[in-house]
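Structure record follows, encoded as structure tokens.
The values are calculated or read from the model by the stated rules, or taken from the named source; none is laboratory data. Just so it is clear, the structure is predicted and the values come from calculations on it, not from any experiment. Heads up, the Cβs are rebuilt from the backbone with ideal geometry, glycines too, and the neighbour counts pull from every protein chain shown.
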Amino acid sequence: MSLPVQDRSHRNACFAILIITILGAGLRFQGLGTRDFWFDESCTFVYVSNLFDWQADSNLLVESTNLPYYALLRGWVNVFGESEASFRSFSAVASTLTIPLLGWLGWQLGGIACGMICSALCATHPLHIHYAHEARAYALWVFLLTAVLCLLIQAVRRDRWRWWAALGFALWTCLHLHYFTAYFVPACAITILLANNRRQAWRRWIVTVAAVSLAFIPYLLWAVLPAARGGGGTWISQSWSPYTVILESLWAFLPAGGYPAHLRGLSLLSPDTVPFSPDWLARTVSYLPLLIVISMATLLMLRRSAQGPATAEQPNSQQALRPLFLLALLPLALALFYSILIRPNYLPGRYDLVSWPAFVVWLGLLITAFARTMATKRTNQSATPPHSHHGRENMIVAILCLIFVMCSAVPILRMANLNPPTSFHHVRANQLAELAQPNDLVITFSYDRDYLQYYLHRAGFEAEMVAYPSWLSKQVGWVDTKADLAPAREGSLIEDTRNLVSGVQEEIEKGSDAWVLLDSIDPQGTTGRGLVNRTLFDGLQRAGLRWTLVDEPLMILKIATETE
């Protein structure tokens, strides 16, 4: 007994999305352990290791506030181990699950074809694959944002309290994972344009947002506000221009778009990106999706009346185009507004991922609406039967999808062919673990201390490590020299150095060795860190201590008394 046509099409679409998901998983799990941890991933290890051992006066939550991610990752690595691939595989799983979820959302808004387009765009999107290869919270955050979008559409359309309650819980969870979700919450109101009963949808949306806001206040006071007051923002302000960041975000959201330099291995501007193709080809491919999208949007506006009537099998894609684009644009505008007025926190290609799921669905809707409009217009101008436009529509969709996937292939191949050498800090940690005995003392600058933690742990390092200056010992994450070293101007650095040198002398008198790891960012002391470097060595010299460069490439010093 054969299935009805509609059932067969649904089954085939589900099977296609499953195949796309499997292929996307292959791209995400390939090469997870190829690259050494970079600084942020090393901080992830520090957070996970100290998750249940916070000190009362610790600033461990200053650098980041995605505590649910660390809690889940702690359980994950307890089961699968502490290798680089194990840490990153959690992100790869979350990224893979986003593929069918985004496809289902596109299916609900634009029909079966739109669902498969959204899945294909997500599965092959270089930016999404990049974060699947990183031991950070962004892949999980995007997955939860996609879940929020799905629940939001269902709540607005079905208008049942159970959907609004589920939406509220998802929003509350998402806020705890990354506080940039706060820019997305007010933007959710735009989807009320899709509701049948907009007045009632407004009331339920207000109640839901109010409940979520009240429930989020404890975490806001405990983690988010301290993060706003602490941590360094200077590096962000040097990375973006307030006049172009939204355009940079939208371009980065496109397959093979313009990726910022901090996306290592992906951006053409990053120094460690491996050239896989001629530069002219890579740049042409990065601009091609932008030109196609602008052309489609322009033609669609000019021929909007050609869109056919909506059916249960083929929803009207144009109906959701405007709300989804506004849903992607408004969080970016709010983040930019805050960054200009208060402090810089908008970073293209990272923090703006709050808008990425909505943008990808909008792109799927745009392709679907454009294909249907062009096919319908062509059919109306010819003598062919009206039902024949479905074949043309599918052909246009297939061609556009193929172009986007081929554009994505260029940066994907760059990432897949990475064969980076062992990192400086990895080699440094291994060497230090061989030199230092368990009763030795190691002095390191706070930034390097965080960078070394994971590989020191892997190498079996057992010596005591102290951070210099000491007031940074309880802070994990980016150190803003201008802000975090401000006490140096008040004499605190001299007193701190005196106490540290006294401790070094005690260790040497007990027969232990003392080591200093030079600041890897500025070993010669030519920038703002120069004051810290000079103060430490002046203090050692005044105390009658000398130092020997044991390993020049790794900048490891051994301290001894003048009589040794």
Q | Evaluation of residue 124 against (1) within 25 Å of residue 454 (Cα to Cα); (2) modelled with pLDDT of 95 or more (one fails), failing number | A | (1)
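I'm trying to understand the selection: among the residues of region 506-524, which are polar (S, T, N, Q) and surrounded by fewer than 17 Cβ atoms within 10 Å (Cβ to Cβ)? Lay out the reasoning, then the answer.
Filtering region 506-524 down to residues polar (S, T, N, Q) leaves 512, 520, 524.
Hit for region 506-524 is 524, nothing else.
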Q.
Quick check on region 537-545. Is at least one of its residues touching a helix residue (DSSP H, G or I) at 6+ places or on another chain (Cβ under 6 Å) and either at pLDDT below 85 or hydroxyl-bearing (Ser, Thr, Tyr) (or both)?
A. no
Q: Please work out which residue is farthest from residue 460 (Cα to Cα), limiting yourself to region 67-84 and to residues that are in contact with a helix residue (DSSP H, G or I) (Cβ under 8 Å, 6 or more places away or on another chain) and among the hydrophobic types (A, V, I, L, M, F, W, C).
A: 67
Q: Restrict the check to region 268-286 and report whether at least one residue is in the same structural domain as residue 183 (by TED's automatic domain parsing), touching a Cys at 6+ places or on another chain (Cβ under 6 Å), over 24 Å from residue 184 (Cα atoms) and modelled with pLDDT of 80 or more.
A: yes
Q: Considering every residue within region 443-463, establish whether at least one is farther than 23 Å from residue 503 by Cα and either assigned to a loop (DSSP other than H, G, I, E, B) or not assigned by TED's automatic domain parsing to the domain that holds residue 506 (or both).
A: yes
**Q.** The one condition in (1) in the same structural domain as residue 34 (by TED's automatic domain parsing); (2) aliphatic (A, V, I, L, M); (3) touching a residue at least 40 places away in the same chain (Cβ under 8 Å) that residue 402 fails to fulfil
**A.** (3)
**Q.** Unmet requirement for residue 65, which otherwise passes all of (1) among the polar types (S, T, N, Q); (2) crowded, with 17+ Cβ neighbours inside 10 Å; (3) at pLDDT below 90; (4) not in a loop (DSSP other than H, G, I, E, B)
**A.** (4)
Q: Please specify each residue of region 315-361 satisfying the condition of being touching a Phe, Trp or Tyr at 6+ places or on another chain (Cβ under 8 Å) and not in a helix (DSSP H, G or I).
A: 344, 345, 346, 347, 348, 349, 350
(Q) Give me the residue from region 394-418 that is under 22 Å from the mean Cα position of the chain (by Cα) and not hydrophobic (A, V, I, L, M, F, W, C) and, out of that set, surrounded by the fewest Cβ atoms within 10 Å (Cβ to Cβ). (A) 417
Q) Out of (1) closer than 19 Å to residue 44 by Cβ; (2) aliphatic (A, V, I, L, M); (3) touching a residue at least 12 places away in the same chain (Cβ under 8 Å), what's the single condition that is false for residue 120? A) (1)
Q: Select from region 248-263 the residues that are closer than 12 Å to residue 350 by Cα and either charged (D, E, K, R) or in a loop (DSSP other than H, G, I, E, B) (or both) and list them in ascending order.
A: 248, 259, 260, 261, 262, 263
Q: Name every residue in region 159-218 that is surrounded by fewer than 18 Cβ atoms within 10 Å (Cβ to Cβ), assigned to a helix (DSSP H, G or I) and of a type in the set (D, E, K, R), in order of residue number.
A: 162, 198, 199, 203
Q. If we scan region 135-151, do we find a residue that is over 30 Å from residue 407 (Cβ atoms), in the same structural domain as residue 261 (by TED's automatic domain parsing) and outside any helix (DSSP H, G or I)?
A. no
Q. Within region 225-247, how many residues are part of a helix (DSSP H, G or I), modelled with pLDDT of 70 or more and surrounded by 17 or more Cβ atoms within 10 Å (Cβ to Cβ)?
A. 3
